[in-house]
1. Could you tell me how many cubic angstrom of Cα convex hull volume the chain has per residue?
2. Taking each full run of DSSP H in the chain as one helix, which ones are at least 24 Å long along their axis (Cα atoms) and have mean Kyte-Doolittle hydropathy of at least -1.0?
3. With θ taken as phi - 60° and the coefficients 6.51, -1.76 and 1.60, list the Karplus ³J(HN,Hα) couplings across segment 189-195 in order, rounded to whole Hz; mark glycine and proline as x.
4. Rank-order 25-34, 235-244 by packing density, defined as the average count of other C-beta atoms within 10 Å over each peptide's residues, highest first.
5. Starting from the 7 Å offset along Cα-to-Cβ, what nm value, one decimal, do you get for the label separation of Glu40 and Gln234?
6. For Leu48, what residues show an amide H to amide H distance below 5 Å, using hydrogens built from the backbone and excluding near sequence neighbours?
7. At a 10 Å Cβ-Cβ cut-off, how would you order Phe99, Phe93, fewest neighbours first?
8. Round to the nearest 0.05 the FRET efficiency obtained for His187 and Glu24 when R0 = 41 Å and r is the Cβ-Cβ distance.
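A short reminder: the numbers here are calculations on the coordinates, not readings from a lab. For clarity, every value in this text was computed on a predicted model and none was experimentally measured. All Cβ positions, glycine included, derive from the backbone under ideal geometry; neighbour counts span all protein chains shown.
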Amino acid sequence: MFARNSVIALATFDMEIIIQPTAEAATTRAARVIARLLREKPNAVLGLATGSTPLLLYRELIRMKLDWRKVTTFNLDEYVGLAPTHPQSYHSFMRENLFQHIKISMRNVHIPDGMAKNIPASCENYERKITAAGGIDLQVLGIGTDGHIGFNEPTSSLASRTRIKTLTQQTRRDNARFFGSEADVPHHCITMGIGTIMEARQNLLLAFGPKKARAVAEAVEGPITSINPASMLQMHPATKVCLDKDAASQLQRADYYRWVYDNKPGWQQI
Ligand code: F6R
């Protein structure tokens, strides 16, 4: 269930909370982690996310002109019923915001198939492809206002695998901004499970803005519970949480996390 050994040295066995004044500064930290992975492992397997949060990250990765030729990617999720050409599909999102700007082989790009006729078989196949690729080296994550990671909504099994999931009303309301109206947001999605995410060797969760503050505080400092699926990351041995000050505003121990990050001893700089 937990991360396999990696070719790169991973930081610690604790969640690392990185609080920066702005989303831009937090994104820079996250981009450096990815850039370093791609330098050390040119054929790395990256797990990718969509939504507003990783937009700055993708812009920064494009600007860095990294070598993507041998990189393989797996996206977290896709809406059921949206064809890859649909403007709000995550296929379109990834094409527009990352893939068309980098030199990646589209054979190495994987996104769940929202149009699959046999969804369970397609989900099983997605898991098989992740395994065949050698597992995910680094998974990029956002967090929903309800604590979801991927589209693992509250009460998702903490051991879940890629599957169909029903979106909560809160998530459909949050994502209505991309669709024009809430009625147009699909009710179902295919998402990697929490068990799938937990097998990534490294997780990089980003969250910005005051709307994420509560979900972040519960995920980092609350009990591990399926009511806040991101809280399961407390059990992951190599998760970094990159926050702006607003997303960090409800953390009880923010001063401690800031001090730890600003005073990392040499042995922790790996
Ligand atoms: C998207 C995904 C979701 C989002 C989350 C936050 O692939 O997996 O978990 O990361 O809904 O969305 P934004 O970034 O739009 O606030």
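1. Working: hull volume 31.4 nm³, N = 270.
Hull volume normalised by residue count: 116 Å³.
2. Numbers: long enough: 23-40 (26 Å, 0.04).
Counting only whole DSSP H runs, the qualifying helices are 23-40.
3. Per residue, the Karplus-derived 3J(HN,Hα) values read 9, 10, 9, 4, x, 5, x Hz.
4. On the way: 25-34: 19.4, 235-244: 22.8.
Per-residue mean Cβ counts within 10 Å order the peptides as 235-244, 25-34.
5. Roughly 2.7 nm, to one decimal.
6. Phe74, Asn75, Leu76, Val140
7. On the way: Phe99 19, Phe93 23.
With the sparsest Cβ surroundings first, the list reads Phe99, Phe93.
8. Numbers: r = 34 Å, r/R0 = 0.84.
With a Förster radius of 41 Å, E is 0.75.
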